[in-house]
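The values are calculated or read from the model by the stated rules, or taken from the named source; none is laboratory data. As the structure is a computational prediction, the values presented were derived from the model and not from experiment. Cβ sites come from the backbone with ideal geometry, for glycine too, and all protein chains shown count toward neighbours. Side chains are part of the model used for accessible areas, which takes the heavy atoms of the whole protein and leaves out ligands, DNA and RNA. Shrake-Rupley method; radii C 1.70, N 1.55, O 1.52, S 1.80 Å.
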Amino acid sequence: MGTIVATLARAGRRFVSSLPALFGVLVFTFLLMRVLPGDPAVFFASGPNAGQEEIEVIRRQLGLDKPLPNQLAIYLYDVGRGNLGRSMMTGQAVAKDLKERLPASLELTLTALLIALVSAVPLGVLAALRPGSLVDHGVRLFCSLGVCVPTFVSGLLLIYVFYYLLGLAPDPTGRIDIFATLPPSRTGFLIIDFLLAGDVEGWWAAARQLMLPALTMALFVIAPLARITRASMLVSLGSDFVRTARSVGLSWWRIVVTYALRNAILPVITIAGIVFSTMLGANVLVEKVFSWPGVASYALDALLVSDYAPVQGFVLLMATIFVIVNLLVDVLYGIADPRATVA
Amino acid sequence: MSFEMSKRSLFAATALLAVMLAAPSAHAQSRAETLRYVTGATVNTLDPNIPGSTREAFALSMSSYDRLVSFGRKQLNGKWVFDLDTITGELAESYQVSSDGLKITFKLRPDAKFQDGSPVTAEDVKWSLDRCVTAPILGKAQLLTGSLTSADQFKVIDPLTFEVTLPKPDKLALPNLATVYPIIINSKLAKAHATAEDPWALNWTKENAAGSGAYIVETFKPGEQVIAKRSEAWNRGAPDKPAAFKRLIIQSVPEPATRANLVERGDADLVIDLQASDVQSLEGKGKLKVISTPQYNAVTFISMNNTIPPFDNVNVRRAIAYALPYDDMFKAALFGRGAPLYGATWADGKPPSGGYPIPQPIKLDLEKARAYLKDAGMADGFSTTFSFNVGQAATAEPMAALVKESLAKIGIKVDIQKLPDAQMSTAINEKKLPFFTEGIVAWLPSTDYFYRNFYTGKQRWNYSSTDNAELEKIAQEARFEADKAKYEEQGKALNAIHFDQMFQIPIWQAAQDAVMQPTVDGYVYQFTRQVDYRNLSRK
């Protein structure tokens, strides 16, 4: 019990200490967006016959007619009240857009991470058990292929094979078949919402839809995870406690899983945390290829047209998630290695 | 006995199979009544008047709202396109233009209903058009081009009669009422959602459609999809029928290769924005219907800023015009899909028509280009940048490479600059780019409209920063010219000035390639360069 309280207290302290960093991100992105060339008002007034007058109307709407410090003050005040501004691109409030789209991204990224971990950890362990063997080389080859093929190539390839040629996968657009009815939204995660609604058929449809994009993303991140597992397993297998465990005649399974792997898993958790954060932002291409209504493709579209509010909102969201993931990694650390909590 | 058994089990198996096959076919039935349209763009508002509306938003509003009138259709080289010269009633049962051309009187359909069931009255029309010319919205600048500028011009005569007064006869007044912006809104409903800061309920109409159109919006997710169902009360379809499709799905699929896969696999019914290479291969396979229409109200240009040296020198502009590798560009960028605007022959060097645009009598001729460059006093060439926006990279990138290669042969060194869309718009608006490619579109493609909007004034659309007194004078006069023969002469004069001064170089009208299932029927190329869902049916 004591350890849980200590862990929570530590997590709380860490979160509070990261608030200044979040504030910095907020101000920095605000300034960065305004320094970048490209005037959103001009872009959005691009309809036929939109002249200077229309540009001025949009500029006023976006508050761009005010001096920069005023704009910043208004922005900070708004963010403080949970208002991230309005997107010109979708015409919706950014907070609403992000709230609707974040579950899609999280569902995809978490599934991909799960697939990646489930395949990378055994692969890394296998490779570490027989370093230099055919298995080791095989794993290395697989990892290299995964990481050197860009996600949009592997994504399009998977679509081509599984949707276009074989017809096994559903059409690669969005999170669910367009003709299907959605379950009542509880968590925003379709595969959970369908289960909660007891709709097995719907769950299967959503899971099928999730398969290809998640696989595409997983392929890309298996390599770092497998490499780290292999390296730390090697260290751990060569250490004194494993030798001791062997000498007292413990079973092979127990040595590998309980002793070696438990000790080797710490760096894997660290990397998984980092991988998750980067995936969430970097899955732009996957989201584009699979028409996945997530936050990353939303931010990219906004960036292309200099739509300030969504980009700022996205960066803030990513920074917050990064902080939370780091906290989570800390907590997991404490569970995997109780000594870490003392530090 | 055993024979009997197997016969019975065979029967049972057949019945089971039939049931199994029948189950998905019920599903297929609903798909047959649905039009699934996939696009790379998104619908971002339900009111086309909101600044920043996308073209897909325009297309949806054509079906969710009615206007007073609409354009007819005509055949152009065997393909159906919108017809600027036939204006038919939409909400108006009939209309009458007074003999002096100053009054247009509309008789409204007595049976027209808004989607909430209330009747469409002249009051609604008045409120909607007042809004269009008063509120800070896109319709304002458009209606200006048809001499519709003030709420005083609109008058309710009785619940079903409505009158528009013009300061002088303007042939673009009526066509303007058929464009995207002057939608007729359910004014009672909209007024109920108006606020003191937002008297025209713009914030509400952005997310709610309150029209009398053929389709009722059911779900609207900007950036993802719009689902609409047919309004059974709408009877403006041919002849007096509701729209053919019961349901409409407009889905955003950003990846062009995926859009091609979807339509080829039969999961999507219609797509208009595929890559030229994909269209060509789909057409080659012969399984789908491909209707390829040159966008006859659009022009792609290579523009030069006439105020930035050395492009302020007419001979430099002419040199560039003769140094462009037109055929190679057309093949590389568009796979030859479209209508070229080069390589014509003009008898006696005079424009053969007063239309716009017309093919120019230019082709690649490096000798001529060198001579013009010499006349400009720049025999050794110069350096410049050629810009295009990322959004058009698929066609502009190969084009830019060919321009660079060809101009190098006459000593002009070109740096290629690829700009994000917003940055390109900004640079164009600030008149900062010397040399770039862009496209223009006019909903009402008449010669004077093109020249007035794209070759005069300081506004953004004057890409080449043209400032030519003679051109401006003729274009302004032509606007109100009622005599057809005189108008044609004015058009020819404008075309002659354009060619002589070479403000910018029209290169082609890209094709609009509509790729659809063979069962889809009724596609018409529209002034919005989008699909009018009301036209479509399944055979």
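Using a simple spin-label model with pseudo-atoms 7 Å out from Cα toward Cβ, B:PHE382 and A:VAL235 lie 6.3 nm apart. Calculated accessible area for segment B:86-144 comes out at 40 Å² per residue, all protein chains present (probe 1.4 Å; ligands, DNA, RNA ignored). Over both sides of the B-A contact, add up the buried accessible area with a 1.4 Å probe and give it to the nearest 100 Å². Counting both chains, the buried surface is close to 4000 Å². Helix A:295-304 and the long axis of chain A differ in direction by around 40°, with both axes built from C-alpha atoms. Over every pair of different alpha-carbon atoms in segment A:128-267, take the mean of 1/r and invert it; report that Kirkwood radius in Å. Over segment A:128-267, the inverse of the mean reciprocal pair distance is 18.3 Å. Segment B:417-479 gives an Rg/Rh value of 1.02, both radii derived from C-alpha positions and Rh following Kirkwood.
Across B:ARG538, A:ARG81, A:ARG254, the residue with the most accessible area heads the list, and the full order at a 1.4 Å probe is A:ARG81, A:ARG254, B:ARG538. Seen through its C-alpha gyration tensor, with square-root eigenvalues sorted a ≥ b ≥ c, segment B:390-539 comes out oblate because a/c lies at 1.5 or above while a/b is not bigger than b/c.
Once the Kirkwood radius over Cα pairs is known for segment A:234-336, the Stokes-Einstein relation at 25 °C and 0.890 mPa s delivers a diffusion coefficient of 148 µm²/s. When the alpha carbon coordinates of segment B:157-305 are projected onto the principal axes, the ranges are 58, 43, 39 Å, largest first.
Heavy-atom accessible area, probed at 1.4 angstrom with all protein chains present, ranks B:ASP380, B:ASP328, A:ASP199 as B:ASP380, B:ASP328, A:ASP199, highest first. Measuring r between the beta carbons of A:LEU36 and B:GLU405 and using R0 = 35 Å, the FRET efficiency lands at 0.65.
Given their separation in residues at 0.36 nm each and the Cα-Cα distance between them, A:SER17 and A:ILE4 gain 2.7 nm when the chain is fully extended. Per residue, the Cα convex hull of the protein assembly as shown amounts to 243 Å³.
Computed over segment B:270-392, the alpha-carbon pair-distance distribution with 5 angstrom bins reads 2, 8, 15, 18, 18, 15, 11, 7, 4, 2, 1, 0, each value a whole percent.
Values of log10 I(q)/I(0) for segment B:199-251 across q = 0.20 Å⁻¹ run -0.76, by the Debye formula with one identical scatterer at each alpha carbon and no solvent. Would you please classify the overall shape of chain B from the alpha carbon gyration tensor, given that a ≥ b ≥ c denote the square roots of the eigenvalues, rounded means a/c under 1.5, and beyond that prolate means a/b larger than b/c while oblate covers the rest? The shape class here is oblate. Its Cα gyration tensor gives segment B:80-225 an equivalent ellipsoid. The semi-axes, each the square root of 5 times an eigenvalue, are 25, 17, 17 Å from largest down. In the complete set of protein chains, residue-level accessible area for A:ARG86 is approximately 110 Å², probe 1.4 angstrom.
Working from label points 7 Å from Cα in the Cα-to-Cβ sense, the A:THR320 to A:ARG262 distance is 3.7 nm.
In this structure B:TRP204 has an accessible area near 50 Å², from a 1.4 Å probe over the protein heavy atoms. Over segment B:228-328, the reciprocal of the mean inverse Cα-Cα separation, the Kirkwood hydrodynamic radius, stands at 18.4 Å.
Rolling a 1.4 Å probe over the heavy atoms of the protein chains gives segment B:320-369 an accessible area of 44 Å² per residue. Counting Cα-Cα pairs of chain A in 20 Å increments starting at 0 gives whole-percent bin shares of 24, 50, 22, 3, 0. Comparing the full protein assembly with the isolated chain, the residues of segment A:76-100 losing at least 10 square angstrom of accessible surface (1.4 Å probe) are A:ARG86, A:MET88, A:MET89, A:THR90, A:GLY91, A:GLN92, A:GLU100. To the nearest ten degrees, helix B:393-408 and the longest principal axis of the Cα atoms of chain B are 20 degrees apart.
Once the 1.4 Å probe is applied to the protein heavy atoms, chain A comes out at 48 Å² accessible per residue.
Rolling a 1.4 Å probe over the protein chains gives B:SER53 an accessible area of about 20 Å².
With 30 Å² as the minimum drop in accessible area between chain alone and full protein complex (1.4 Å probe), the qualifying residues in segment B:244-263 are B:ILE249, B:GLN251, B:PRO254, B:GLU255, B:THR258, B:ASN261, B:LEU262.
Solvent-accessible surface, computed for protein heavy atoms with a probe of 1.4 Å, shrinks by 40 Å² or more for the following residues of segment B:115-162 when the other protein chains are added to the isolated chain: B:LEU138, B:ALA141. With the simple model of a label 7 Å out from the Cα in the direction of the Cβ, B:GLN476 to A:LEU195 spans 7.3 nm. Taking a ≥ b ≥ c as the square roots of the eigenvalues of the alpha-carbon gyration tensor, segment B:41-109 is classed oblate because a/c is 1.5 or more while a/b is no larger than b/c.
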